[in-house]
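Throughout, read-outs are computed from the coordinates displayed, never taken from laboratory work. For clarity, every value in this text was computed on a predicted model and none was experimentally measured. Note that we place each Cβ from the backbone using ideal geometry, even for glycine, and neighbour counts take in every protein chain shown.
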Amino acid sequence: MDHSPTPETQAAPPASPPVAPPAGRYDRGGDRDADRKLRVAAVVCGVLFLGLVAWLGGSYLLRETKLNGTVPTFQAVSDTELQLQLSVRKDDGTAGVCTVRSQGADGAVVGQSDFRVPAAGSSYDEVVTLRTTARGTTAELLGCTPDEE
């Protein structure tokens, strides 16, 4: 039996020490500066975004609190009329318009109208009549908008 070394059992040549890259060629100092600039830019963008969200949310809430309306009850009086109770909570001295619509059994809009809300008082509760083109099965408050000041 031959005990001579085969290519599989030959000893590997001794490992040479790793060769270092040329000095200054792969410097990480520039990457650190770029990373810091990106972090600063991301923080600035994040703060601006949060400020925008806070401003939009605040203006939405302030706008919505001037006139808050509901339609607690309604009744179809005929095929062409719907009576509904319009309840609005508001600041004293704030006038505006509330838009109400009605839909028929098939989901089609059969009536829509704007109702004036007077400036006097801090609430407005009134039974109003909405004219329809067919029998209304819903009464939906689309929204209330205060008058321009």
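Structure above, values below:
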quantity: Positive-end extreme of charge dipole, the stretch 34-149 - chosen from LEU130, TYR60, VAL77 (charges on Cβ); calculated: TYR60
quantity: Where labels lie 7 Å past Cα in the beta-carbon direction, separation of ARG116 and ASP79 in nm; calculated: 3.3 nm
quantity: For the stretch 119-126, Karplus couplings with θ = phi - 60° (6.51, -1.76, 1.60), whole Hz, Gly/Pro x; calculated: 6, 5, x, 9, 8, 9, 10, 8
quantity: Where labels lie 7 Å past Cα in the beta-carbon direction, separation of LEU50 and VAL109 in nm; calculated: 4.1 nm
